[in-house]
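The block underneath contains the structure these notes are about, expressed in structure tokens.
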Amino acid sequence: FYFQFYLFGRYMKGILGSGTKDYVLIRVSAIVLATYFFLIGSLFILNSPLSFDYWNQLHSSLWMKFFTSFSVFAFAIHSWLGTWSVGTDYLTPARLGEISKYIYGVYRISCALIISITLIWSIFIIW
């Protein structure tokens, strides 16, 4: 990954070094998330009312653990790119002045911590 933070006095060029790669990555992660939520929604509708035994059996299966884990990774990537986009659009020197470097640094570190903790915690719960 290619990172340049405001914290170091540089403008961030892109997560993967190219806007096209970032665009494709966020679209692919969105498709993965949409597919996962479509699957879960379909299961709710087709197996209503859901019982604990069915839900437990479903999430105990290996394919569902892998698909859920893959979706959690896609969510982390999607969140990282989304928060990067928000930060580079709104936490700029033009909007906030010189203090934007520090606000942006704290913002990115906070986002990285929250996304990392959520990712790790989710994987531990799944497996």
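The values are calculated or read from the model by the stated rules, or taken from the named source; none is laboratory data. The shown structure was predicted, so the numbers you read here are calculated from the model rather than taken from an experiment. Positions of Cβ are generated from backbone atoms using ideal geometry, with glycine treated the same way; all protein chains shown enter the neighbour counts. These area figures cover heavy atoms from the full protein model, side chains too; ligands, DNA and RNA do not enter into them. Shrake-Rupley method; radii C 1.70, N 1.55, O 1.52, S 1.80 Å.
So which residues in the stretch 60-79 are without any contact (Cβ under 8 Å) to a residue 24 or more places away in the chain and not in a loop (DSSP other than H, G, I, E, B), if there are any at all? Let's see the steps before the verdict.
Residues of the stretch 60-79 without any contact (Cβ under 8 Å) to a residue 24 or more places away in the chain: 60-64, 66.
Passing the criteria: 60, 62, 63, 64, 66.
In the stretch 56-66, what residues are open to solvent by 50 Å² or more (accessible area, probe 1.4 Å) and under 25 Å from the mean Cα position of the chain (by Cα)? Quick ask: steps written out before the conclusion?
Residues of the stretch 56-66 that are open to solvent by 50 Å² or more (accessible area, probe 1.4 Å), as a first pass: 56-57, 59-60, 62-63, 66.
Answer for the stretch 56-66, where residues must be open to solvent by 50 Å² or more (accessible area, probe 1.4 Å) and under 25 Å from the mean Cα position of the chain (by Cα): 59, 60, 62, 63, 66.
Can you work out which of the residues in the stretch 28-55 that are of a type outside the set (A, V, I, L, M, F, W, C) and part of a helix (DSSP H, G or I) is surrounded by the fewest Cβ atoms within 10 Å (Cβ to Cβ)? Before the answer, list the steps.
First, pick out the residues of the stretch 28-55 that are of a type outside the set (A, V, I, L, M, F, W, C): 29, 35-36, 41-42, 47-49, 51, 53-54.
With the extra rule that they be part of a helix (DSSP H, G or I), the set shrinks to 29, 35-36, 41-42, 53-54.
On the way: 29: 21, 35: 14, 36: 17, 41: 10, 42: 10, 53: 8, 54: 12.
Filtering first and then ranking leaves 53.
Give the residue, chosen from 68, 88, 83, that is of a type outside the set (D, E, K, R) and either touching a Phe, Trp or Tyr at 6+ places or on another chain (Cβ under 6 Å) or farther than 21 Å from residue 33 by Cβ (or both). Walk me through how you get there before you give the answer.
Numbers: 68 fails: either touching a Phe, Trp or Tyr at 6+ places or on another chain (Cβ under 6 Å) or farther than 21 Å from residue 33 by Cβ (or both); 83 fails: either touching a Phe, Trp or Tyr at 6+ places or on another chain (Cβ under 6 Å) or farther than 21 Å from residue 33 by Cβ (or both).
Within the list 68, 88, 83, the selection yields 88.
Would it be correct to say that residue 17 is more than 13 Å from the chain's Cα centre (by Cα), at pLDDT 50 or above and in a loop (DSSP other than H, G, I, E, B)?
Details: more than 13 Å from the chain's Cα centre (by Cα): yes; at pLDDT 50 or above: yes; in a loop (DSSP other than H, G, I, E, B): yes.
Taking the combined requirement at face value, the residue satisfies it.
Anything in the stretch 67-95 that is more than 23 Å from residue 30 (Cβ to Cβ) and open to solvent by 70 Å² or more (accessible area, probe 1.4 Å)? List them, or say none.
Initial filter on the stretch 67-95 (more than 23 Å from residue 30 (Cβ to Cβ)): 91-95.
Correct list: 94, 95.
Is at least one residue of the stretch 88-105 under 23 Å from residue 122 (Cβ atoms) and hydrophobic (A, V, I, L, M, F, W, C)?
Applying the first criterion (under 23 Å from residue 122 (Cβ atoms)) to the stretch 88-105 yields none.
No, the stretch 88-105 contains no residue that is under 23 Å from residue 122 (Cβ atoms) and hydrophobic (A, V, I, L, M, F, W, C).
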